[in-house]
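The values are calculated or read from the model by the stated rules, or taken from the named source; none is laboratory data. These numbers were taken from a predicted model, which means no experiment stands behind them. Every residue, glycine among them, receives a Cβ derived from its backbone with ideal geometry; neighbour counts consider all protein chains shown.
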Amino acid sequence: MSDLCKVVIVDDELLIRQGIKHYIQWEQEGFQIVGEASNGQEALQVIDAVRPHIVITDIVMPVMDGEELTKVIRNQYPDIEVIVLSSFGEFDYVRSTFQHGVTDYILKPTLDGDILLKTLNKAVEKIPSLTIKKQTNEISIQAMLDKWMTGFESDGGETAVIEAFPYSNYLIIGVDVKKRESSWPSLEKTITDELEKHVPEFVRYPLPTEDGYKSLLLNVNEETIPSVITCIERLAASYTHFNWAVSDPFKAVQKVKQVYDNSFVRLMNHAFYYPEKNFFRYEGIKEQPSVNEPFNLTAFTEMFKREQFEKAMDYLQSHVSDITTTNSMNVAEFKRFLSNVIFNITLLLNNMGFDSSTVNQKKFAYFTAIEGADHVGEAVDQLQQFLAEVTTIVGQPSTNDPSVKRILDYIEEHYAEPLTLTELAKRFHFNPTYLSTYFSTHIHEGFTEYVTKVRIEKSLELLQNRNISISDISGKVGYSDHSYFCKVFKKLKGMSPSSYRKQFVK
């Protein structure tokens, strides 16, 4: 029989899997990738479902490695040929897999299209029932989409694109199925049936994604777009436990990844901030101004160290409120931000001598709850519960020496002056060497580093005022040398004072 040779790729590194997928023109060479997995256990499920002719597997993987996978394949699927991927230091593993009947191995550092194709053809020679026939036609549309969606350029011909997509506009429609992924096949059929009933002409292709969103690329004429939107809106009203989105329309199919990332995912992002809705479309989203400045963790930490708890909490609450009002932060980034704040406050409480055992034990429960939050209210509720506990803790006395607060308050008031460790030691009746150790022990950083951070944070406030020159600002925060100030600023903030002013001061 003449057929395409079916291949499954198994590697725990997504970039490696993507690279393999784009080394050769699979279908033109007579092969077809029918599945992929990130470890041996996942691979066995895929293998059972698609029954490939060849499995390409990495050796070192979590859960089940390539050696164990090879044993299982040989015992349960003796007709499947196995090609092993390895690094230079894994020869013993490779030798072991040959005892279980692998076809060949490829060293990852030497992997290229020619070696991969040669090894695949060698495996095909061991499958008597399969005679592959190279495809003389251009690369398949699904393969093109695969390349575009993973950031690779496709060398598919323009003729194939025109034939596959006869209409003038494109849309991405899709559903968030992160927690109900098994329901997608039936949902996909329902979507297609609904479109066929109400949209006169369209072409659809599934988009390969790995972020929990399932989506279809639609090719339609411009006058058909309202009918598509109505169909999806009707489905969203019926399937209310899913979030649905329809992207901006676009004219060139090659822009599918750009639109997916910047339009479709952005629309899905809104579902987290608007839990009362489950359908999002490009015209229904009002653009909100973004938060002007990122959260200043350094300034927040210094407020906390100086026991300015109310000021620190107000700053944090204001920033969180800005994000939730403008929905300007990616959902995953917002959840990481909340968890990072909880982690840092817990660490600060401990370092400052407070009894933080309760929140320290509960912080992982907060992390889990935030990560699993379906909407912004659930995530922020976790932060508020944590902050309520923190407020109770900081109302209790700290075991820290009160001299620490006096020293920090003095630096806060005199940062613009030429402060030295010797001068500070004399004022607070310490030996300079002892003060240096004392400062590092209680403040958890050196004296010079701390003063530098205070000065740079003060300069951020002054940079808000465009009427003050940067040269004057350097003097106001304790630097007589303007060039040195700029050098220190860039080291701490990753950009020059002028760049900071342009980026964050409107």
Matching residues, the stretch 60-82, being in contact with a Leu (Cβ under 8 Å, 6 or more places away or on another chain) and of a type in the set (Asp, Glu): none
Residue that is surrounded by the most Cβ atoms within 10 Å (Cβ to Cβ) [pool: residues in the stretch 493-506 that are more than 27 Å from the chain's Cα centre (by Cα) and at pLDDT 85 or above]: 497
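Only residues that are closer than 16 Å to residue 417 by Cβ and in a helix (DSSP H, G or I): list them for the stretch 474-498, please.
Within the stretch 474-498, 474, 475, 476, 485 meet the criteria.
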Which listed residue is outside the structural domain of residue 348 (by TED's automatic domain parsing), in contact with an Asp or Glu (Cβ under 8 Å, 6 or more places away or on another chain), basic (Lys, Arg) and surrounded by 11 or more Cβ atoms within 10 Å (Cβ to Cβ), from 453, 490, 476, 458: 453
Residues of the stretch 353-377 satisfying the condition of being of a type in the set (Ser, Thr, Tyr) and either within 16 Å of residue 340 (Cβ to Cβ) or buried (at least 18 other Cβ atoms within 10 Å of the Cβ) (or both): 356, 366, 368
Meets criteria (at pLDDT 85 or above and either touching a Phe, Trp or Tyr at 6+ places or on another chain (Cβ under 6 Å) or within 25 Å of residue 374 (Cα to Cα) (or both)) for residue 207: no
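Only residues that are of a type in the set (A, V, I, L, M, F, W, C) and closer than 23 Å to residue 130 by Cα: list them for the stretch 4-24, please.
Within the stretch 4-24, 4, 5, 7, 8, 9, 10, 20, 24 meet the criteria.
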Residues satisfying the stated conditions in the stretch 221-251, i.e. without any contact (Cβ under 8 Å) to a residue 40 or more places away in the chain and more than 26 Å from residue 275 (Cα to Cα): 223
Residues satisfying the stated conditions in the stretch 252-271, i.e. at pLDDT 85 or above, within 18 Å of the chain's Cα centre (by Cα) and among the hydrophobic types (A, V, I, L, M, F, W, C): 259
Boolean, residue 346 is closer than 17 Å to residue 384 by Cα, in a helix (DSSP H, G or I), modelled with pLDDT under 85 and not acidic (Asp, Glu): no
Residue that is at pLDDT 80 or above, touching an Asp or Glu at 6+ places or on another chain (Cβ under 7 Å) and more than 21 Å from residue 249 (Cα to Cα), where the choices are 118, 126: 126
Subset of the stretch 22-46 [touching a strand residue (DSSP E or B) at 6+ places or on another chain (Cβ under 6 Å) and in a helix (DSSP H, G or I)]: 43, 46
Evaluation of residue 276 against (1) touching a residue at least 60 places away in the same chain (Cβ under 8 Å); (2) surrounded by fewer than 17 Cβ atoms within 10 Å (Cβ to Cβ); (3) not in a helix (DSSP H, G or I) (one fails), failing number: (1)
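So, in the stretch 47-66, how many residues would count as being more than 20 Å from residue 127 (Cα to Cα) and part of a strand (DSSP E or B)?
Of the residues in that region, 1 qualify.
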Restricting the stretch 325-370 to residues that are within 19 Å of the chain's Cα centre (by Cα) and either among the hydroxyl-bearing types (Ser, Thr, Tyr) or not assigned by TED's automatic domain parsing to the domain that holds residue 380 (or both), the residue that is nearest to residue 444 (Cα to Cα): 339
For residue 397: the one exception among (1) under 21 Å from residue 345 (Cα atoms); (2) surrounded by fewer than 13 Cβ atoms within 10 Å (Cβ to Cβ); (3) at pLDDT 85 or above: (3)
Whichever residue in the stretch 180-220 is among the basic types (Lys, Arg) and either part of a helix (DSSP H, G or I) or without any contact (Cβ under 8 Å) to a residue 24 or more places away in the chain (or both) and, among such residues, is farthest from residue 265 (Cα to Cα): 197
